[in-house]
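All remarks here apply to the structure that follows.
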Amino acid sequence: MTKPPTRRLILALYVLAVSGAEVSSVRGEPPRFLTVAPGIAHATFQVRPEDAELFSGHAFKIDLDVAELRLVPAGGPLARRSVEEIVAPYPAVVAINASFFDKEGRAMGLAVDEGRLIASGMQKSWGALVVDDKLARIVLGAEISDHLGHRLVVQGIPRLVVGRKVQQLKPQRAERTAVCAEDGVIVLVVSTKAETTAFARFLADPLEKGGLGCGDALNLDGGPSTQLMVKLPALALSLPGGWGVPNALVVAPGKR
């Protein structure tokens, strides 16, 4: 549920400096991912588009053969909590916000975790991250025929990148949360305020052009919903956002 922010998410330069990863721009070196836990690599980025304002943020590359991905609800159907509160029981984790939500706080779109239905409001015109076993893909909601036939499903809108092509997107500048998926790898991305198309171009651009090389990318809830929690021995980050959310994409590192 993206609205004008009540509290602006700021990724301060000191966060980029102390995170241990390289800062890059679209015109410079590609983001350099450094392994921070088994199955999890992290990079920071700073993008200077020619036709939009600068934005920066964090990206996490997740190897689903090693790390575990879950969609964890905040509680009951109308519950909303911060990502930090949702993952409080986890000793080691990377987590971002996921589903949009309606005025009552109910998650919008289909949401499934470990074959268990979390939210049933399938949106055929929305995109969906679908995970089966250790393989992930982003599809149109209309392509999902069996709502409980997948290990994990979360919907979002719009699909930013489809088949390595940036889509025609509504101009809007906001904090961003997104996920890319291809086979056994997903990429979780959060950023400061970014114009929609400039952000999508960064996701789609190949590594040699300073992008993330995402073949398919889905926009998750942004604005004050955008938040990140990282609790790892090699990296700790907390980007709180502006309000509670109905669920979170949660990554637990693999065993060493």
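The values are calculated or read from the model by the stated rules, or taken from the named source; none is laboratory data. Please read these numbers as outputs of a predicted model, since none were measured by experiment. SASA here: full protein model, heavy atoms, side chains in, ligands and nucleic acids out. Shrake-Rupley method; radii C 1.70, N 1.55, O 1.52, S 1.80 Å.
Using a probe of 1.4 angstrom and keeping all protein chains present, the accessible surface of the chain works out to 43 square angstrom per residue. By the Stokes-Einstein formula, at 0.692 mPa s and 37 °C, region 134-256 with its Kirkwood radius over alpha-carbon pairs has D equal to 211 µm²/s. Legend: residue pairs LYS165/LYS255; LYS134/LYS193; LYS103/LYS165; LYS61/LYS255; LYS209/LYS255; LYS124/LYS231, Cα-Cα distance threshold 26 Å; pairs beyond threshold, LYS165/LYS255; LYS134/LYS193; LYS103/LYS165; LYS209/LYS255; LYS124/LYS231. Using a 1.4 Å probe on the protein chains only, how many percent of the accessible area of region 38-86 belongs to carbon and sulfur? Reported share for carbon and sulfur atoms: 45 percent.
Computed over Cα pairs, the Kirkwood radius of region 175-225 leads via Stokes-Einstein (0.692 mPa s, 37 °C) to a diffusion coefficient of 297 µm² per second. Could you give the Stokes-Einstein D for the chain in µm² per second, using the C-alpha Kirkwood radius, 20 °C, 1.002 mPa s? D = 121 µm²/s. Taking only alpha carbon atoms, region 124-197 gives an Rg to Rh ratio of 0.98, where Rh is the Kirkwood radius.
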